[in-house]
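The values are calculated or read from the model by the stated rules, or taken from the named source; none is laboratory data. The shown structure was predicted, so the numbers you read here are calculated from the model rather than taken from an experiment. Virtual Cβ from ideal backbone geometry, glycine too; neighbours counted across all protein chains shown.
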Amino acid sequence: MLSANHRVRIAVIAGGSIAALSLGVRSTFGVFLDPVVDGLSIDRGTFALAVAVQQLFWGLSQPIAGALADRYGSGRVLATGGLLYAAGMIAMSSASDGVLLTLSAGVLTGIAVGAAGFSVVLASVGRMVRPERRALALGVVSAIGSLGQFVLIPVARQLIDNGGWERTARVLGLIVLLVVVAARFLLGRSADFADSGVAAPEARPLRAELRRAAHAPGYRRLNAAFFVCGFHVTFIGTHLVSYVGDLRIRPEAADLALMLIGLFNVVGSLAAGWLGSRHSNTMLLAAIYGLRAVVIAAFLVVPASAGSVVVFGAAMGVLWLSTVPLTSGIVAAQFGTTHAGTLFGIVFLSHQFGAFAGAWLGGELADATGSYDIAWWIGVALGVVAMLFHIGLDEGPAPDPPEVGPVRLRPAAGIAAAGLTLGVAGAIAPALAAADDAAAGVSPVCALDLT
């Protein structure tokens, strides 16, 4: 019989492998953008909308998948997600227009990634590890997961160049079936760990924990800040290749940058897990978001070249998924692990609202203004906002809610406010750009169309 330590090691490897497959296939969508746009004769906004819908359904399915995993076992949910993921990619290969692309690559694939994604994996591993080691274990899972992006992006590029995007989608659909194999090593329910000394000493009903979460200021701020994480990673992952093409830099530079994001994320995730076991997770998150703002701003102001694209990818890789183990660890510290899948799933839903905004707004602004500049600078501003949200955030156990009174839905209000801000920015940006062009007496072309 395996010892508890051996079971944890196997769970970490299996969970990291599932994350590598799930997120690795998802990360190839930026490579698909231009071939699919050309093949289906659609614009970038249509492809971006399909990816944005994917992010939305990923987020909406996440709390449900987490709750099912908490109650019935992570393995079953992950295996189901793997099967749906394969079906979504294969259906995408047969899409003939934007509607079918959105239904396959958007709706079906989004639900699948939610069931076979980080929320379920991290909650499953997190409940097996003692609190003092939890951040490190989750960092290792995130690090292993990032290798999927490093490996599968060049594979997708080679397959697309030699066999077309349709064949590539089918091959990736078959690859992601390996999630079903790895899922058998993550079979536990939250109830199975109630007496292990790892789970929260006081198991509360889910309804009570949801009410406590709704009244916890720290949890509300986590929701708002994770919106920014979703905006950053999805905007960059979806649009970097196309943006680099607008700069008239060879697409291989963008492919390499995306690969380096995956490779250097190994360093970032491991460092975040190690530091998170020793220092304040909230202050580490504040530093990560602040550094993201600095890195993006520097990327925009330095002379554009293949070298600057590659350096940007390496720098962003260190900051990429390092937010995930720290955020998940704070949720576990605030509420314990009994309902960790559900509660982190809700935080991840906020992440996916941000991902929707990043994917969709990036494409719409690029089509409307001929440039990604406004979307990039929105990302810089949001990084600063997320940094401020984490300063002083309470990462200790969440307080009990008031005895009476309605539940305050401030997380939803914060998400809606952030979405409204981005929507307004997207709506007025074309008008502002047109006004500037008219005043300058030039036609609206890409402001960074450099050689």
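Counting the residues of the range 286-301 that are under 19 Å from Val241 (Cβ atoms) and either among the aromatic types (Phe, Trp, Tyr) or without any contact (Cβ under 8 Å) to a residue 24 or more places away in the chain (or both) gives 1. Just one of the listed residues (Asn265, Asn281) is under 20 Å from the mean Cα position of the chain (by Cα) and within 18 Å of Asp394 (Cβ to Cβ), and it is Asn281. Quick check on Glu209: is it surrounded by fewer than 24 Cβ atoms within 10 Å (Cβ to Cβ), in contact with a His (Cβ under 8 Å, 6 or more places away or on another chain) and part of a helix (DSSP H, G or I)? The answer is yes for Glu209. Scanning the range 318-370 for residues that are under 20 Å from Phe299 (Cα atoms), over 17 Å from the mean Cα position of the chain (by Cα) and buried (at least 24 other Cβ atoms within 10 Å of the Cβ) gives Gly363, Leu365. Filtering Leu382, Leu393 for residues that are at negative phi and either of a type in the set (Gly, Ala, Ser) or assigned to a helix (DSSP H, G or I) (or both) leaves a single hit, Leu382. Total residues in the range 376-391 satisfying the condition of being buried (at least 24 other Cβ atoms within 10 Å of the Cβ) and small (Gly, Ala, Ser): the figure is 2. In the range 96-107, the qualifying residues are those that are more than 17 Å from the chain's Cα centre (by Cα) and either among the aliphatic types (A, V, I, L, M) or outside any helix (DSSP H, G or I) (or both), and the one that is farthest from Gly39 (Cα to Cα) is Leu103.
Taking the numbered list (1) closer than 25 Å to Ala143 by Cα; (2) in contact with an Asp or Glu (Cβ under 8 Å, 6 or more places away or on another chain); (3) small (Gly, Ala, Ser) in turn, Ser371 passes all entries but (1).
The rows are residues; the columns are (1) at pLDDT 85 or above; (2) among the polar types (S, T, N, Q).
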position	(1), (2)
Thr337	no, yes
Gly345	no, no
Ala357	yes, no
Trp360	yes, no
Ala398	no, no
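Being surrounded by fewer than 20 Cβ atoms within 10 Å (Cβ to Cβ) and either without any contact (Cβ under 8 Å) to a residue 60 or more places away in the chain or among the hydrophobic types (A, V, I, L, M, F, W, C) (or both) narrows it down to one residue among Val77, Val113, Val99; which is it? After ruling out the rest, the residue left standing is Val99.
Okay, residues lined up against (1) buried (at least 19 other Cβ atoms within 10 Å of the Cβ); (2) over 19 Å from Leu159 (Cβ atoms); (3) modelled with pLDDT under 90:
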| position | (1), (2), (3) |
| --- | --- |
| Leu2 | no, yes, yes |
| Arg7 | no, yes, yes |
| Ser27 | yes, no, yes |
| Phe32 | yes, no, no |
| Ala50 | yes, yes, no |
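If the condition is being closer than 26 Å to Met128 by Cβ and either of a type in the set (Gly, Ala, Ser) or without any contact (Cβ under 8 Å) to a residue 40 or more places away in the chain (or both), then the range 329-378 contributes Gly329, Ala332, Ala333, Gly336, Ala340, Gly341, Gly345, Ser350. Residue check: Ala87 meets all listed conditions (1) surrounded by 19 or more Cβ atoms within 10 Å (Cβ to Cβ); (2) touching a residue at least 24 places away in the same chain (Cβ under 8 Å); (3) part of a helix (DSSP H, G or I) but one, namely (1).
Exactly one residue among Asp373, Asp394, Asp436, Asp449 is at pLDDT below 50, surrounded by 13 or more Cβ atoms within 10 Å (Cβ to Cβ) and over 26 Å from Gly110 (Cα atoms), and that residue is Asp436.
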